[in-house]
Amino acid sequence: MEQSYPSPQQVNHTVVLATPKKSVGLAVVLALLFGPLGMLYVTVSGAVVMFFVALVLSVITLGFGLPLAWIACVIWALKAAEKANKN
């Protein structure tokens, strides 16, 4: 009894990439507590950008602009988590 195996051209492979969902609530809480460092949960590039923006803004305004940067971090983290879950 001879077994025949399908040739590689006859075999169909389906690859499914499953990425874990990002919690929007956790993203907001981390950004609220840790600012740019909390954004690392959702977006590394956004965290790096906001780190430098917060640094420059706090130097220029003697620290008074830091709350604005912090709020921007929270909003960016929220939007990034929503976008990550949509894709």
- prompt: Hey, what angle do you get for helix 24-34 against the long axis of the chain, alpha-carbon based, 0 to 90 degrees rounded to 10?
  reply: 40 degrees
query: Taking the simple approach of a point 7 Å from Cα along Cα-to-Cβ for both residue 13 and residue 59, what is their distance in nm?
result: 5.0 nm
Value at 222 nm in deg cm²/dmol, rounded to 500, when DSSP H runs of n ≥ 4 in the chain each add -39,500 (n - 2.57): -18500 deg cm²/dmol
message: Multiplying the sequence separation of residue 2 and residue 84 by 0.36 nm and subtracting their Cα-Cα distance, what value in nm do you get?
response: 24.5 nm
message: What do you get for the angle between helix 66-86 and the principal long axis of the chain? Use alpha-carbon atoms, 0 to 90 degrees, nearest ten.
response: 20 degrees
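FYI, it's all coordinate maths here, none of it is from the lab. Treat the numbers as computed from the prediction; the structure is a model and nothing was measured. No Cβ is skipped: glycine too gets one built from the backbone with ideal geometry, and neighbour counts run over all protein chains shown.
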